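Single-structure report; data block below.
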Amino acid sequence: MIHFTDPQNLLKHLRGELPAMLETLEKFVCCESPSTEKAAADHCAALIADVWKGAGVQIETREQKHRGAHLRITYSPSSGRSRGQLLVLGHYDTVYARGTLAKMPFRKAGGKVFGPGVFDMKAGIVQALYALRALRELDAPFSKNIVFLWTSDEEIGSESSRKLIEAEAKRCDAIFVLEPSLGPKGLLKTARKGVGEAEIIVHGRASHAGLAPEKGINAIHELALQITRAKGWDDPRRGISVNAGIVEGGTRTNVIPDYAKVVIDLRALRIADMQTIERRLHALEPILAGAKVEVTGGFSRVPLERKYSAALFRRAQSLGKQMGLEIDECTAGGGSDGNLTAALGVPTLDGFGAVGDGAHSPGEYILAKTMPERAALLAAMLITS
Ligand SMILES: [Zn+2]
């Protein structure tokens, strides 16, 4: 029997599983699951549950009214009482509408595997499954319960899954998020920016631009001043960014506009900076006499600060070394559900999923040979946690 404690043997075992992993991946990718199409997403959830059924787990299907079902899958150690719980977190929804497969089929070429959602993040779900199967086949002594949570709405902000994720995270000692890693070297994401969206709405007063300009209050002018003010909060060195992404306002060139609006994207790397920006945003005062300024929105995902991932990362790096893999880290500009769990103070390591590139684009792919490597790394983390 292969000895489970040797990470190299774990990797060797999983390398032998690559053909089976690719077969499972094909099934998942070929079952399209856009976040916004409930029937299709439910269908994919049922397929994933069916495939996981053989892994000695308990499966709960949490039906949702408007979204696909979330799957909560539990593996409990056979040795009886467990000493805690670990969470493996991911999503099966994709950003691709049903029918995308026709233009972007599942295919393998030159060591890469292409298809909608293959990288973000169906390969991650496959890797987790084979990590668990390997540990069971090698008779690894688990000390903790493992909960796998596969949700249906991460790509649209996790509205229906957020409570479930947070409730589960609170019970856990560590969380592994199987979102894609970064770049060809598969960097783990040890920090993620917090992400928000805000609207600044300006009400002015309409008037004729030629006959009575003095009676008007130009909402677009006011909005431009507000955008300039908000842009001044940018601080790339600290990881703060403010981006005016959408503007609207005005009717005709000879009318002084009474309404204008901007939608702003907000990012910050530190929780303190996020709070400062929110405070400033909601304290915005009109600059032109008589104008009114309204602000809505703010951060929806708190930054994942590196201090919540540092220890897990060091362990992953050392386990990787024992397998001959070079594991490195990066900071991600985008948020994920890992932001939600780290915000609760639970150690979280993100970007633990597939290695590849092109998420949310027609060229999305993964590198096939990295699937066993990532699965082995996850398995090693699970038994050493
Ligand atoms: Zn994702």
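Worth a mention:
- Of the candidates 74, 61, the single residue that is assigned to a strand (DSSP E or B), away from the ligand (no atom under 16 Å from the Cβ), out of contact with any His (no Cβ under 9 Å at 6 or more places or on another chain) and modelled with pLDDT of 95 or more is 74.
- The selection criterion, being away from the ligand (no atom under 16 Å from the Cβ) and in a strand (DSSP E or B), does not hold for residue 129.
- Residue list for segment 180-191, restricted to those being assigned to a strand (DSSP E or B) and either over 17 Å from the mean Cα position of the chain (by Cα) or within 16 Å of the ligand (Cβ to nearest atom) (or both): 182, 187, 188, 189
- For segment 154-179, the tally of residues that are surrounded by 24 or more Cβ atoms within 10 Å (Cβ to Cβ), in a loop (DSSP other than H, G, I, E, B) and within 15 Å of the ligand (Cβ to nearest atom) stands at 4.
- Flag for residue 379 being touching a helix residue (DSSP H, G or I) at 6+ places or on another chain (Cβ under 8 Å), more than 16 Å from the ligand (Cβ to nearest atom) and modelled with pLDDT of 95 or more: yes
- Pair list, Cβ under 6 Å, 6 or more apart: segment 151-176 residue free of Cβ contacts under 8 Å to residues at least 24 places away in the same chain, other residue buried (at least 19 other Cβ atoms within 10 Å of the Cβ) and in a loop (DSSP other than H, G, I, E, B): none
- The set of residues in segment 352-385 that are in contact with a strand residue (DSSP E or B) (Cβ under 9 Å, 6 or more places away or on another chain), small (Gly, Ala, Ser) and assigned to a loop (DSSP other than H, G, I, E, B) comprises 353, 354, 358, 363, 368, 385.
- When segment 192-209 is filtered for residues that are assigned to a strand (DSSP E or B) and surrounded by fewer than 24 Cβ atoms within 10 Å (Cβ to Cβ), the ones remaining, listed by number, are 195, 196, 197, 198, 199, 201, 203, 205, 207, 208.
- Which listed residue is over 13 Å from residue 142 (Cα atoms), out of contact with any strand residue (DSSP E or B) (no Cβ under 8 Å at 6 or more places or on another chain) and at pLDDT 95 or above, from 111, 99: 99
The values are calculated or read from the model by the stated rules, or taken from the named source; none is laboratory data. All values reported here derive from a predicted model rather than from experimental measurement. Using ideal geometry, Cβ is built from the backbone for each residue, glycine included, and neighbour counts are taken over all protein chains shown.
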